[in-house]
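Student: Attaching a single structure in structure tokens format; questions to follow.
The values are calculated or read from the model by the stated rules, or taken from the named source; none is laboratory data. Keep in mind it's a predicted model, so treat the numbers as computed, not measured. Please note: Cβ atoms are built from the backbone with ideal geometry, for glycine as well, and neighbour counts cover all protein chains shown. The area values use the complete protein model at the heavy-atom level, side chains included, leaving out ligands, DNA and RNA. Shrake-Rupley method; radii C 1.70, N 1.55, O 1.52, S 1.80 Å.
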Amino acid sequence: MPQRGFDSTIWSNNREFRRQNVIARYLYIYLWTNDHCNAAGFYQMTLESLAFESSIPQDKLITMLPALMPLVQWVPEHEII
């Protein structure tokens, strides 16, 4: 598994993160800390598995992932985050 760090200053230094609601923040942190990251830094995962692992319903994820831009880029046709 690739090594990656989580910038804890995101709570105070990232305006995009601070404007998100609590569920979107949780999703962002989940994306940083799950084990689906490949060596290129992409997450190859289905919406179904993301919903299952995060306990966020798929219909919410469909609206939340685009709302997290520019923090998160989602390419649904290739199942890449």
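Student: Show me the chymotrypsin sites (Phe, Trp or Tyr not before Pro) within the range 7-81 that DSSP assigns to loop and that have at most 16 other Cβ atoms within 10 Å of their Cβ.
Tutor: Here the chymotrypsin sites (Phe, Trp or Tyr not before Pro) that fit, given the DSSP loop and packing criteria, are F42.
Student: Is it possible to state the helix-based mean residue ellipticity at 222 nm for the chain, with each DSSP H run of 4+ residues giving -39500 (n - 2.57), the sum divided by total residues, to the nearest 500 deg cm²/dmol? What is it?
Tutor: Rounded to the nearest 500, the figure is -12500 deg cm²/dmol.
Student: While we're here: Could you state the accessible area per residue of the chain in Å², with a 1.4 Å probe and every protein chain left in place?
Tutor: Using a 1.4 Å probe on heavy atoms only, each residue of the chain averages 65 Å².
Student: While we're looking at this one, here's another question. At 0.36 nm per residue, and after removing the present C-alpha to C-alpha distance, how many nm does the segment from A51 to D7 gain when stretched out fully?
Tutor: Extending this stretch completely gives an extra 13.4 nm.
Student: Work out the length of the dipole vector of the chain about its Cα centre, built from +1 on the beta-carbon of each Lys and Arg and -1 on the beta-carbon of each Asp and Glu, and round it to the nearest 20 debye.
Tutor: About 440 debye.
Student: While we're on this one: Probe radius 1.4 Å, ligands and nucleic acids ignored: give me the carbon and sulfur share of the accessible area of the chain as a rounded percent. Intermediate values should be presented prior to the final figure.
Tutor: On the way: 3030 of 5300 Å².
Whole-percent figure for carbon plus sulfur exposure: 57.
Student: Suppose we flag trypsin sites (Lys or Arg not before Pro) only when DSSP calls them loop and at most 11 other Cβ atoms lie within 10 Å. Which is the longest uninterrupted stretch of the chain? Don't skip to the end; give the middle numbers.
Tutor: Values: sites that count: R4, R19.
In the chain, the maximal stretch lacking such sites is 20-81.
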